[in-house]
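As structure tokens, the structure follows; a few thoughts come after it.
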């Protein structure tokens, strides 16, 4: 099996390209019934830069249970960190949300909506440059086995469970011979513009991974104990009831997490979890904080290939 080429120092020009290409991570939020505030977990506010359309102030850092959405943050979690002597993986993971034209998704944030034409062009460029895809679940298995996938391996993830992932994205993904991981919010299934329960089986039958993105897409850093479990485990069971197996991987809503949240995800039996953040050279030390790069409609196919190549440490073409 081919081994990944070690990461090399990036040139100033490449760094500039990456800074332009990396979009601010985030997800489309929903309105839910307010959860009771727990005394041990003070409320955390998202900054306007991290929550599009929000006027909230800069997030606080509670002393007892710090909230993290910080580049390079690390927390020692038993069983999740890379053991001594293990190989370092550099597999680019790309995040999408809406794959739709503006008329199909008029309420979508512009930076989170990629047209099918652009989506096709982006993935086609990767395929033509010699890249192939695996799911997050397969990446986790490879990491557990300390067996890196072939060079030029990447991952596509599509968050939030919008139905255009099935109607628009799936035909493109399959047509290119690729696979993807779809992170679904189970409490939204069947709502307008969302996947229906039966759609999950259709995706699974097509070779796609169905991952857990909680029941209602809430900020898990506000929760602990039973409230935290109630967002993670019922979503697992709902997916299992539809596709016949429990989801293997998890995506943190809004990419907000703290040590308690990560520990709860690991304890729930997942093999890996993903967040959105700029990718650094040591970001594969923890399977439950795997970094992803948000892809926007402004990400040109050439830039996407450059990002993937930079992360993996291989030539662009």
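Being modelled with pLDDT of 70 or more, surrounded by 19 or more Cβ atoms within 10 Å (Cβ to Cβ) and under 18 Å from residue 165 (Cβ atoms) is a property that residue 109 lacks. Within segment 233-264, the set of residues being under 17 Å from residue 209 (Cβ atoms), in a helix (DSSP H, G or I) and touching a helix residue (DSSP H, G or I) at 6+ places or on another chain (Cβ under 6 Å) comprises 235, 238, 242, 243. Considering (1) surrounded by fewer than 21 Cβ atoms within 10 Å (Cβ to Cβ); (2) at pLDDT 95 or above; (3) at positive phi, the lone condition that residue 161 does not fulfil carries the number (1). Do the conditions hold for residue 304, that is, is it more than 25 Å from residue 186 (Cβ to Cβ) and in contact with a strand residue (DSSP E or B) (Cβ under 9 Å, 6 or more places away or on another chain)? Yes.
Each residue in segment 220-232 was checked for being in contact with a helix residue (DSSP H, G or I) (Cβ under 6 Å, 6 or more places away or on another chain) and part of a loop (DSSP other than H, G, I, E, B), and 1 pass.
Annotation note: Cβ proximity below 6 Å between a residue of segment 294-315 that is within 17 Å of residue 112 (Cβ to Cβ) and a residue that is assigned to a loop (DSSP other than H, G, I, E, B) (sequence gap 6+ or interchain) occurs for 294/23; 294/25; 296/23.
Would you mind stating whether residue 238 is under 20 Å from residue 139 (Cα atoms), at pLDDT 95 or above and surrounded by fewer than 22 Cβ atoms within 10 Å (Cβ to Cβ)? Here the answer is no, as residue 238 does not meet what is asked.
Against the criterion of being touching a strand residue (DSSP E or B) at 6+ places or on another chain (Cβ under 6 Å) and not in a loop (DSSP other than H, G, I, E, B), residue 279 does not qualify. Selection of segment 174-199 for residues being without any contact (Cβ under 8 Å) to a residue 60 or more places away in the chain, surrounded by fewer than 24 Cβ atoms within 10 Å (Cβ to Cβ), closer than 24 Å to residue 272 by Cβ and in contact with a strand residue (DSSP E or B) (Cβ under 7 Å, 6 or more places away or on another chain) yields 178, 179. Every listed requirement among (1) in contact with a strand residue (DSSP E or B) (Cβ under 8 Å, 6 or more places away or on another chain); (2) surrounded by fewer than 20 Cβ atoms within 10 Å (Cβ to Cβ); (3) in a helix (DSSP H, G or I) is met by residue 297 save one, (3). In the set (1) in contact (Cβ under 8 Å) with a residue 40 or more places away in the chain; (2) surrounded by fewer than 24 Cβ atoms within 10 Å (Cβ to Cβ); (3) more than 14 Å from the chain's Cα centre (by Cα); (4) not in a loop (DSSP other than H, G, I, E, B), residue 140 fails one condition alone, (3).
Sub-8 Å Cβ pairs linking a first residue in segment 257-268 that is surrounded by fewer than 18 Cβ atoms within 10 Å (Cβ to Cβ) to a second residue that is in a loop (DSSP other than H, G, I, E, B), at least 6 apart or interchain, are 259/65; 259/66; 259/75; 259/77; 263/77, ordered by first then second residue.
Checked against the criterion of being surrounded by fewer than 20 Cβ atoms within 10 Å (Cβ to Cβ), more than 15 Å from the chain's Cα centre (by Cα) and either at pLDDT 95 or above or closer than 13 Å to residue 184 by Cβ (or both), the candidates 282, 202 yield just one match: 202.
The values are calculated or read from the model by the stated rules, or taken from the named source; none is laboratory data. From a predicted model like this one, the values you see are computed outputs, not experimental measurements. Using ideal geometry, Cβ is built from the backbone for each residue, glycine included, and neighbour counts are taken over all protein chains shown.
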